[in-house]
Every structure is written in C-alpha cells, then in structure tokens.
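Trainee: Okay, here's the structure, questions in a sec.
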Amino acid sequence: MGQKGWLEYIWAPVGLRPPMVRDNRHDSVYLFGAICHARAVGAAIIMPSVNTEAMNEHLKEIGAHVAPGAHAVLVCDGAGWHQPGKRLRTPHNITLLRLPPYSPELNPLENVWDYLRGNKLSRRLWDSYAAIVQACKDAWHFLVDDPERINSIAHRSWASVNP
C-alpha cells in the first residue's frame with residue numbers, strides 16, 4: 001500500500017466519472033496478513049520491503065497467534081518470498097500449502113486485499129510514511145474487529161477440514 005497506488009473501480013451513475021485522487025510520490029509499505037475464519041482472528045505485520053526476511057517475521061507473528069496445541073495451514077502463492085529453502089523459516093506449528101501457479105482465486109486472502117483496497121486504502125492521499133503505516137493498521141483493525149466480515153470474505157465451504 002502506498003502513495004503510488006492504483007485506482008479501485010467504484011459504482012457511479014452511467015455517464016459520470018467520479019473525481020478521484022492519485023498521488024505520484026513513491027512511499028509505500030507492505031501489509032503481510034493472515035486470517036483464520038473459523039476463529040475470526042488475524043495476524044499481520046507492516047514492513048518497509050517485501051522479501052524472505054519479512055516473510056520470516058510474518059510467519060513468527062502467525063505462529064504466535066495459533067491456538068495452543070493447534071496447527072495452522074497457511075495458503076501461499078508462488079511469490080519469491082514464499083519459496084522453501086534455507087532462508088525461509090517456518091515455525092513448528094505452521095504448514096505452508098502452496099497453490100498452483102496462476103490461481104489467486106484459491107487464496108482467500110486475495111479477497112481480503114481486494115476488500116481492504118476497495119473500502120479503506122484506495123482513493124486516499126497520505127502526507128507521510130507514518131500516515132501510510134497508520135492507514136494500514138486502521139484498515140487491518142477494521143477487518144479483524146468484525147468476525148462476520150472475516151467469515152464473509154474468507155470462508156470457503158469447499159475448503160473445510162472439519163465440516
């Protein structure tokens with residue numbers, strides 16, 4: 001998320017183009033997030049860059065939120081920082097489930113990012129890096145403070161382990 005963002009589509013009467021703002025500065029942050037719709041909880045961190053080290057911090061944060069005695073399955077796409085190897089350290093209470101290439105529709109978090117961009121993080125101007133970080137925090141809390149919202153966005157009936 002950041003100042004050099006994209007413009008989200010919005011509803012408007014036919015023939016009208018609502019005015020929108022777009023910033024041409026280049027500050028940005030990266031919001032790493034994970035949710036569990038069954039428990040209606042989420043874990044997130046905001047990082048200045050996206051790489052394996054940032055993913056390791058995110059995995060530690062998720063691992064700290066996993067219920068005691070439970071094991072989390074984290075759906076991951078093929079991003080370079082999700083790749084197994086010597087540098088990616090997965091906590092003992094998390095298993096990474098890698099999606100096939102070009103299948104974002106299988107990852108419920110893609111819907112979360114689309115929802116947050118469309119409702120909280122698009123069509124905005126921020127004055128500083130700190131303001132971008134705060135906007136991401138506010139957007140994430142807006143999501144995780146409403147269990148029904150988490151469930152409606154992320155639940156997949158066909159992906160249930162315990163129906």
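Trainee: So which of Ala54, Ala64, Ala44 is open to solvent by less than 20 Å² (accessible area, probe 1.4 Å), outside any loop (DSSP other than H, G, I, E, B) and touching a strand residue (DSSP E or B) at 6+ places or on another chain (Cβ under 8 Å)?
Mentor: Numbers: Ala64 fails: open to solvent by less than 20 Å² (accessible area, probe 1.4 Å); Ala44 fails: open to solvent by less than 20 Å² (accessible area, probe 1.4 Å).
The match here is Ala54.
Trainee: Can you tell me which residues in region 127-155 are more than 17 Å from Ile35 (Cβ to Cβ) and of a type outside the set (Asp, Glu)? First the steps, then the outcome.
Mentor: First, the residues of region 127-155 that are more than 17 Å from Ile35 (Cβ to Cβ): 127-135.
Ser128, Tyr129, Ala130, Ala131, Ile132, Val133, Gln134, Ala135, listed by residue number.
Trainee: I'm checking my understanding of the structure. Among residues of region 71-89 that are surrounded by fewer than 16 Cβ atoms within 10 Å (Cβ to Cβ) and either in a strand (DSSP E or B) or of a type in the set (S, T, N, Q) (or both), which one is nearest to the chain's Cα centre (by Cα)?
Mentor: Taking the candidates together, the pick is Val73.
Trainee: Ok, one more. For Leu116, work out the one condition from (1) closer than 28 Å to Ser157 by Cβ; (2) touching a Cys at 6+ places or on another chain (Cβ under 7 Å) it doesn't fulfil.
Mentor: Among (1) closer than 28 Å to Ser157 by Cβ; (2) touching a Cys at 6+ places or on another chain (Cβ under 7 Å), Leu116 violates only (2).
Trainee: Next up: Filter region 109-155 down to residues that are among the polar types (S, T, N, Q) and either under 20 Å from Asp27 (Cα atoms) or not in a helix (DSSP H, G or I) (or both), then give me how many there are. Walk me through it before giving the result.
Mentor: Kept after step one, since they are among the polar types (S, T, N, Q), are these residues of region 109-155: 111, 119, 122, 128, 134, 151-152.
Within this subset, residues satisfying the condition of being either under 20 Å from Asp27 (Cα atoms) or not in a helix (DSSP H, G or I) (or both) are 122, 128, 134.
Selection size over region 109-155: 3.
Trainee: Scan region 16-41 for residues that are open to solvent by 50 Å² or more (accessible area, probe 1.4 Å), within 16 Å of Ala135 (Cβ to Cβ) and at pLDDT 80 or above and jot them down.
Mentor: Hit for region 16-41 is Tyr30, nothing else.
Trainee: Name the single residue, out of those in region 90-134 being farther than 19 Å from Val75 by Cβ and among the β-branched types (Val, Ile, Thr), that is most open to solvent (accessible area, probe 1.4 Å).
Mentor: The selected residue is Val133.
Trainee: Does region 29-69 hold any residues that are in contact with a Ser or Thr (Cβ under 8 Å, 6 or more places away or on another chain) and closer than 17 Å to Pro84 by Cβ, and which are they? Before you say what the answer is, go through the steps one by one.
Mentor: As a first pass, look at region 29-69 and keep what is in contact with a Ser or Thr (Cβ under 8 Å, 6 or more places away or on another chain): 30, 59.
Matches in region 29-69: Leu59 only.
Trainee: Let me ask something else about it. Within 23 Å of Gly63 (Cβ to Cβ), without any contact (Cβ under 8 Å) to a residue 12 or more places away in the chain and open to solvent by 30 Å² or more (accessible area, probe 1.4 Å), is that true of Lys137?
Mentor: Numbers: within 23 Å of Gly63 (Cβ to Cβ): yes; without any contact (Cβ under 8 Å) to a residue 12 or more places away in the chain: no; open to solvent by 30 Å² or more (accessible area, probe 1.4 Å): yes.
No: the conditions fail for Lys137.
Trainee: Still on this structure, I have one more. For the structure I just gave you, tell me whether Arg39 is within 24 Å of His141 (Cβ to Cβ) and in a loop (DSSP other than H, G, I, E, B). Even if it seems obvious, please write down each step before you answer.
Mentor: Values: within 24 Å of His141 (Cβ to Cβ): yes; in a loop (DSSP other than H, G, I, E, B): yes.
Yes.
Trainee: Touching a helix residue (DSSP H, G or I) at 6+ places or on another chain (Cβ under 8 Å) and either basic (Lys, Arg) or at pLDDT 90 or above (or both), is that true of Ala64? Give the derivation first.
Mentor: Working: touching a helix residue (DSSP H, G or I) at 6+ places or on another chain (Cβ under 8 Å): no; either basic (Lys, Arg) or at pLDDT 90 or above (or both): yes.
So Ala64 fails the test.
Trainee: If you don't mind, there's one more thing I want to ask. Please enumerate the residues belonging to region 79-95 that are touching a strand residue (DSSP E or B) at 6+ places or on another chain (Cβ under 7 Å) and over 25 Å from Arg149 (Cβ atoms).
Mentor: Within region 79-95, the subset touching a strand residue (DSSP E or B) at 6+ places or on another chain (Cβ under 7 Å) is 82, 90, 93-95.
Within region 79-95, His82, Thr90, Asn93, Thr95 meet the criteria.
Trainee: Right, another one. Does region 83-104 include one or more residues that are at pLDDT below 90 and under 26 Å from Tyr129 (Cα atoms)?
Mentor: no
The values are calculated or read from the model by the stated rules, or taken from the named source; none is laboratory data. All values derive from a computational prediction rather than experimental measurement. Please note: Cβ atoms are built from the backbone with ideal geometry, for glycine as well, and neighbour counts cover all protein chains shown. These accessible areas exclude ligands, DNA and RNA; they are computed on the full protein's heavy atoms, side chains included. Shrake-Rupley method; radii C 1.70, N 1.55, O 1.52, S 1.80 Å.
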